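The values are calculated or read from the model by the stated rules, or taken from the named source; none is laboratory data. Keep in mind that what you see is a predicted model, and the values were worked out from it rather than measured. Don't worry about glycine lacking a Cβ; one is built from the backbone with ideal geometry, like all the others, and counts go over all protein chains shown.
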Amino acid sequence: MPNNLEERTKKFSEEIIIFASIIPKTVITLPLISQLVRAVTSVGANYCEANGACSKRDFKNKLYICKKEAKESKYWLDLISKAIPELKNDCQKLWQEAHELTLIFSKSILTIENKEKTKA
């Protein structure tokens with residue numbers, strides 16, 4: 001059975017790739033698009049790596065990276081919404097998904113850390 005979060009992060013990457021293709025390409029937007037695509041696709045790639053982690057420490061580290069990249073995605077979406085105001089609604093929808101993923105990864109990390117504290 002496929003991992004739901006793995007599928008969700010992949011779907012988010014796909015949505016961002018489609019969104020990036022409709023953004024007008026200018027000297028301002030090209031670097032923003034590149035950074036956004038890198039950050040979002042990194043979320044999914046690192047979550048796949050987390051699922052194949054060789055240790056609990058490695059798993060937690062990959063989740064930290066997922067959280068960091070999801071937060072960074074929100075940053076780039078904010079900037080794109082300012083650079084291209086007509087895409088603000090699309091950016092807000094995608095920002096919400098990045099935010100929800102950030103919360104999911106934050107909670108997962110907190111759960112792991114709480115389990116580590118109770119074992120110590």
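For this structure, a couple of remarks:
- Yes/no for Ala53 being within 29 Å of Glu116 (Cβ to Cβ), surrounded by 13 or more Cβ atoms within 10 Å (Cβ to Cβ) and at pLDDT below 95: yes
- Scanning the range 81-104 for residues that are closer than 14 Å to Val40 by Cα and surrounded by 18 or more Cβ atoms within 10 Å (Cβ to Cβ) gives Cys91, Leu94, Trp95, Glu97, Ala98, Leu101, Thr102.
- Residue count for the range 30-78, restricted to those that are more than 20 Å from Glu6 (Cβ to Cβ) and among the aromatic types (Phe, Trp, Tyr): 2
- Criterion violated by Gln35 - all others in (1) within 12 Å of Ser73 (Cα to Cα); (2) exposed (fewer than 14 other Cβ atoms within 10 Å of the Cβ) satisfied: (2)
- Taking the criterion of being surrounded by 18 or more Cβ atoms within 10 Å (Cβ to Cβ) and within 15 Å of the chain's Cα centre (by Cα), the residues of the range 14-31 that qualify are Ile16, Phe19.
- Restricted to helices (runs of 4 or more DSSP H) entirely inside the range 20-120, no element has at least 3 residues that are under 16 Å from Lys10 (Cα atoms), in contact with a Gly (Cβ under 6 Å, 6 or more places away or on another chain) and in contact (Cβ under 8 Å) with a residue 40 or more places away in the chain.
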